[in-house]
Every structure is written in structure tokens, then in C-alpha cells.
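Following: one structure in C-alpha cells, then a few remarks.
Computed from the coordinates by the stated procedures, all read-outs in this text should not be read as laboratory data. Here the structure is a predicted model, which is why all the values come from computation and not from measurement. Note that we place each Cβ from the backbone using ideal geometry, even for glycine, and neighbour counts take in every protein chain shown.
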Amino acid sequence: MNCIDHRLWILLILISLPPSLQATEQKPIVNSGFATAVGTTGMTVNGQVHPHGRYTRYYFEYGLTTGYGNQTPTRDLPPRLAAYYQESWDHGYGGWYKRDGPMEYHDQGGQPGGFVRYCSPTSDDHNHDDGIGTLHLASYVYTGPLSAPELKDLILFLSAGDPDLRGAKVSLSVRGRDWVANGSELLWWTQSQSNIEVGTNPGWKRANWAYTGYLLTDLLKTGRWEKAEYRLEHNSEHWTFGGNHLQLSNRLNYPYWPIDQSQGHVNCDFFHLLAFVDPENPPQGAIDFDEFQLVYRNKSLVFSSNGGHLTAAPRSDSDPATLTDGWRHGPHRMWQSDENPKEPLEFIYHFDQPVMINAVQLHQNPEWPTKDIELEAFDGNTYTPLCRSQLPQQGMPNANFAFIVKRGLATEAHALKVRILSGYRKARWGLGEIEVFGSGATMLPDDALYQVNTDIMNLRPGKTYHYRLVADSNGRNRYGSDRTFTVPRDAKPRVRTGLSSRITSTTAKLNGRLNPLGQPATFYFEYGTAPGYGKRSPSFYGGLQLVPRTAFVNLSNLQPGTRYHYRLVAENDAGRSHGADAAFETLSE
Ligand SMILES: [Ca+2]
Ligand SMILES: [Ca+2]
């Protein structure tokens, strides 16, 4: 049988198979999610898209009828989770900054090697008392440009200073040392800036968001090293806006900035900290941290699924794919030349379509460090110099900082040439990673479920709107189901009773979500064994932000083996609201 016959036979077999056995095109999954209020004229709408790895854009349709009539700006699904930052704390603090210490460094006893220890109590941070409440800061790390010159050497420049952490994965080891939380919670925190070019002048924003979708506090109970692994779910129900403190007059720089934009530009810092701290009864003990790893969106234009393709590389036993694997350095994650290079070593990356290069970041190979390097951009006709620089031989304080970053390049390119001109050692020259950032590329998403959200503003108070998520993949639209939201009629708080947790025979934590809708709010939980509840928790300040926050109380002196009903209640000057009834049962003794 010749080749053509062979293919015909396969075709005939495929046609004769029942449809259930034929490979079918996987359709994008599109789900409309629920919506949360942004003050009395806006809503954050959530949804999910599974793009099956295909380039996909999305938007939300909304309107007073199922005819919709309006739509949010169309956005690309973010590129793949394929950029990595890791800190082992085996050789010091690794650039993690400790303004309000005490942080202790221990060179052994970690998981494995060295680790850092946070000791409580530390000083109260009141900057967010009108949002999530009082904080105790642990150690943090800077991701992007800062106005403080004394900190410039501590900046990691993730993605040249503008990392996209939407849906990022976090893992680390934690250990509680005689830890007594006293109602506080250990959680993830980000600071994101807009208009950073104006410095700290009017127009600068630095939005703070707490990820309240995953609390690390329970891992501290055992006194042993425990591994925390979680995702920053990109959904407005999982976040609490840090907010500001209006009594501190210099804190007008912490206004609301939507989650999608804030998490797409975590260009200031991130860390784990203690939130919901009661200054009268602060947490006690110590927390050990080790082996932190962050997996975030790889926006590099030379990353293959973003349209960058290596078309020329020097001969070497080393795999040049290690230069675009998303890792700054590490075994099997770096490239080195063959022995005794005599002339410049050239790499050429072609782009699927012309791009605008705004920044490049080159990471060192600490074992075989490159010294002088130059980059050239190809405009379709000729190569012209993009930048020339000298890489640091070693990073300070560690290899994560062994890089150069060049920003503000604004150069159109069809291709990019990277030329290693010299090395610090004669035997070999090497590099850890090449990253190029800019615009104009078509970036493929992960073959995974995405969460998306968008703020819709200028809505009419009290009105009910229809909305749905629309995803466009390969020029075909797919539609999530129709849903509705009702914009708040007035500034009365919005509340939702949540689940109970940490239930023992005499204690329980009651959770909920509270939106103060811009006016100072207080909240408490009603609870009891009979209809009408009968008891109420102490009242707590719920802040005055525009968006929902996590609110909870810890109950004690409960009766063992008893079923309790509860609901969240909140009030501000505009009125009082209560959430739905829920119930839990204490453990028997
Ligand atoms: Ca370690
Ligand atoms: Ca690498």
C-alpha cells in the first residue's frame, strides 16, 4: 500500500467511527461568575474561562435586559504561569527587607538549610485601619521600582519591575514557635502602584490587597515545618482591599485600584503578614519561613508561547532553552558555552510578529559569568544597537540579584540579537535567563482554568442588570450563562454570612463578607441555639471601603455538642443589614 492509500484508509476509518470515538475540538469553557459591589455605582463581575491553551480574549456584556447593549473592554487572557522566583534563605535574608523587625536569620535548622524567623509582637501598622484593620508586618521583598534610593539594591525587578501575579502559585514552608494568634491571621499581601512615574506626588496610587482566600494560621499550630501551597485565586470574593487610614493625613496614596489591574501589576512588593491584629491583645510567639517559591505569568517576548523563537545559537553542549525557561538561575536552568570561547557568542530570537521592546533583563550564570554583553534589534532590514552593558559577576546579596535590567527602550523589533562579548572566566561564558518585555505579541494562555474579573462603573443605583462573560477563541465567541446583579440602592452595608470554621467543643470562628460601601461600618454576629439568636458577639470596626472585605469573630464559652444558628450584621449611617441564617454544631466533649 502506498502512502496516499494509507492516509485514505485512516480517513475512512475515522469517518466510520461513531462520533463519541472521534477526536473533537475542545470548546472553551466559559462561566459567568457572581458580582460584588464597588460603592453604589460599580460592580466587579467575575467569571471563568478554560481556553485549552488557545489564544483567547474575553469581555463581559451587561445591560438592563438580556439584550445587554454594553460591554467591558476586551482583554487577553494572561500568558502562562511560567516565570519563577525562589528564595531558600540558605545564605542570609536574600533581599527580603525587615523595616519593623525583629527578623532573625538562622543558618541551619530550616527545611532545609537556613531560614528566617519573624518574632511577634512587632509594631502596629495603622495605615489600613479604615480597611482591613491593624497589621503587623513580617519580611517582604520589592518587585519593582521604588522612589527610595536607599532601597534600590533590594529590588528583584520581577518582569523588569512589572510582574503579573494574576492566578499566581505560592509555596513555602512555615513553622509556628509557641504561636498564639489572638485572632490575627497570617496571609499574603501585595502592593501595586499606578502612575509610578510621578513619584509620591498627586496622582500616584499604591493599592494594597490582602489575599483572604487562604489563611496560613492553622499551619502554625503543630510547631513543625508545614508546607503551604496555594494559588492567588483571581476572584473578588477571595480578596480584601487593604484600604487606608483617613486619620493619617499622609496616607491618601492608598486608594482603591481594581484587583485585575493591581494583581496584573504587582510592581511594589509582596509578603506574608499578620492582619486583623488586635493592638490590645497582639499575637505572641514566632513564625519561621523557608523555601519560598512564586510562579507567576511569563510575559517575556522571547518565551516560546509568547511568539519568540531561537533561530541561532552558539555551538555548546548546553541547551539554549535554559535561557528562556523562566528561571533566573539554578542547576539545569542556565546555559554555558563550550570551552575557551574566542569570539562573541550570538543568540538570535525572532518574533512571530513585530514587537515593541520596552525592557530587557539578563540574568547571570554565577558559575560561568558573562562580563560584557550587547543587544541589537532587527527592524526588518538591519540590526541596530539596543543596549550594551556589563553584567555583575555575582549578585548581592545572592544570585537572584545577579542581573542587569534596561528599561525605557521603546524599540520596534522583528528579531533580537544577544551577543556575549566577554566573560569573567576564560574557560566558559554563560547566562541564566534572557527576558524581553514590551507589547505587540500574541501570548498563548495555559491549558488551564482561568479566573477573570472586571470592574463595571457608572451603573445606576438600585437597578438590576443582566450580564454574561464572553470569550473569543479563534474568532468564535462562546457565552457564559446569563446572570443578574443589583447595584446597591444606597450606602447601607452589604453583608453575606459565611461558613463557620475552627470548631471545637466550646469555640468556633464565624466568617462573612462585609462591604461598608464607603461609610464607616461596624459589624457583629448574632448567634444562639433558638430562633431569634439571643446572643451577639462584640462589635468590631468594619472600615469604610467601597468593596467587600472578610469579617469574622471568634466565639468562646459555647456548649459542647450543640447546634448554633448565626448571621452577620453590619451597620453604618445609612442603615443596618444582616446576612442569611447559617448553622454549625460544636463537638461533643
Ligand atoms: Ca532554606
Ligand atoms: Ca534559565
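Odds and ends about this structure:
- Simple label model, 7 Å out from Cα along Cβ direction - TYR479 to ASP76, nm: 2.7
- Projected onto planes of every orientation and averaged, the convex hull of the alpha-carbon atoms in the range 304-439 covers 7.5 nm².
- For the range 258-274, 3J(HN,Hα) computed residue by residue from phi via the Karplus equation (6.51, -1.76, 1.60; θ = phi - 60°) reads x, 4, 4, 6, 4, 6, x, 9, 7, 9, 10, 6, 8, 5, 9, 9, 9 Hz, glycine and proline entered as x.
- 5 angstrom amide H check on ALA168, placed H, neighbours 5+ away: LEU232
- Residue order, fewest to most beta carbons within 10 Å, for ARG563, ARG80: ARG563, ARG80
- Computed on the Cα atoms alone, the convex hull of the chain gives a volume of 219 cubic angstrom per residue.
- Pairwise label distance in nanometres, ALA312 with GLU589, each label 7 Å out on the Cα-Cβ vector: 8.3
- Net charge dipole size for the chain [Lys, Arg +1 and Asp, Glu -1 on Cβ; Debye, nearest 20]: 1220
- Rounded FRET efficiency, nearest 0.05, which uses the C-beta distance separating GLN394 from SER501 and R0 of 41 Å: 0.30
- Taking every DSSP helix (H) stretch of at least 4 residues in the chain, weighting each as -39,500 (n - 2.57) and dividing the sum by the residue count yields a mean residue ellipticity at 222 nm of -1000 deg cm²/dmol.
- Segments 339-351, 178-190 sorted - mean Cβ within 10 Å per residue, highest first: 178-190, 339-351
- Of the chymotrypsin sites (Phe, Trp or Tyr not before Pro) found in the range 504-541, no site is in coil according to DSSP while having at most 13 other Cβ atoms within 10 Å of its Cβ.
- For the range 494-585, the dipole from Cβ point charges (+1 on Lys and Arg, -1 on Asp and Glu) about the Cα centre works out to 160 debye, to the nearest 20.
- Compared with the dominant principal axis of the Cα atoms in the chain, helix 3-16 is inclined by about 10°.
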